[in-house]
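A short write-up of the structure that comes next.
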Amino acid sequence: MTLDHIGGDVRPGGTALYAGLTARRLGCSVGVLTSFGPDFPRGVLPPDVEVTCVSASKTSVFRHERVGDGRRLTLLGRAEDLEVGHLPASWKSAGLALLCPDANEVDPFFAAEFSDGAVGAAVQGWLRERGAGGVIGPARWEDALLVLPHVQAFFLSEEDMGPFEDEVVEWFQRIPLGAVTVGSRGAHLFVSGERFFIEAVPADEVDPTGAGDVFAAAFLIQYQREGNPWDAAQFAACAAALSVEGIGVSAIPSRVAVEERLAAYRSRLGR
């Protein structure tokens, strides 16, 4: 979990926070393994979310800046690494697990620890390196072959691919499912290596932060529930669209809200 400097605000963030709250609001029992310091507002997580925290002197901090049509991330501070030994033994039997690195802090060997459930990975944090002044740039994912044999789906944004698009497409040939989100334009869904386009869901955008994380969690949950990747992608697109209509985590939707937006979306598409 992170603290995000966006404009003049400092907000709690991080993939684990957005994905964990999405899972809870969609009706799941949620546990989060993370690392943060005493500066993180623990109260942002409801008391029924089980948190295992690796103690740190400070929380990971990112500064977000808009640059042209994209964004620039600067890593200002970093919490502790998450190692396999930190994982509570009882969590290994979870029905779903989502690996959520933000700054290359998640041990890739976690992917092999969840033998009883489906494993997904929001991989953007493995595709980042910290440059001069903490500015984040693209990095080759050296540990991809340690993770991919153990995951059913992985997720990233078009922006996260950097110069490695050919490698990313090759990774999708190795796993059953995955998606590349393209912001307000929609998402590319990969099913057994074949690419399909998921049309964007209309939204009154206020804050796009975390939309891809919401998409990843919602997709995994809905796919496990119904087993249809195209329906899961549409459900996830609706969840992500709703999440951008408020500031930070405040607009992460409930299942009822997602299903209402999904019905309107399918009606518009004539389905």
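Brief remarks on what is shown
- Kyte-Doolittle mean at least -1.0, axial Cα span of 18 Å or more - DSSP H helices of the chain: 211-226, 229-243, 255-269
- Per residue, the convex hull spanned by the Cα atoms of the range 2-269 amounts to 123 cubic angstrom.
- Farthest toward positive dipole pole in the range 2-269 [+1 Lys/Arg, -1 Asp/Glu at C-beta], among Leu148, Ser55, Gln234: Gln234
- Helix-only [θ]222 nm of the chain, DSSP H runs n ≥ 4, -39500 (n - 2.57) each, per residue, nearest 500: -8000 deg cm²/dmol
- Cα gyration tensor shape of the range 7-132, rounded if a/c is under 1.5, else prolate or oblate by comparing a/b with b/c: prolate
- Relative contact order %, the chain, counting alpha carbon pairs below 8 Å whose residues are six or more apart: 15
Any read-out appearing in this document is the output of simple, stated calculations on the displayed coordinates, not a laboratory observation. Quantities reported herein were computed from a predicted structural model and do not represent experimental measurements. Positions of Cβ are generated from backbone atoms using ideal geometry, with glycine treated the same way; all protein chains shown enter the neighbour counts.
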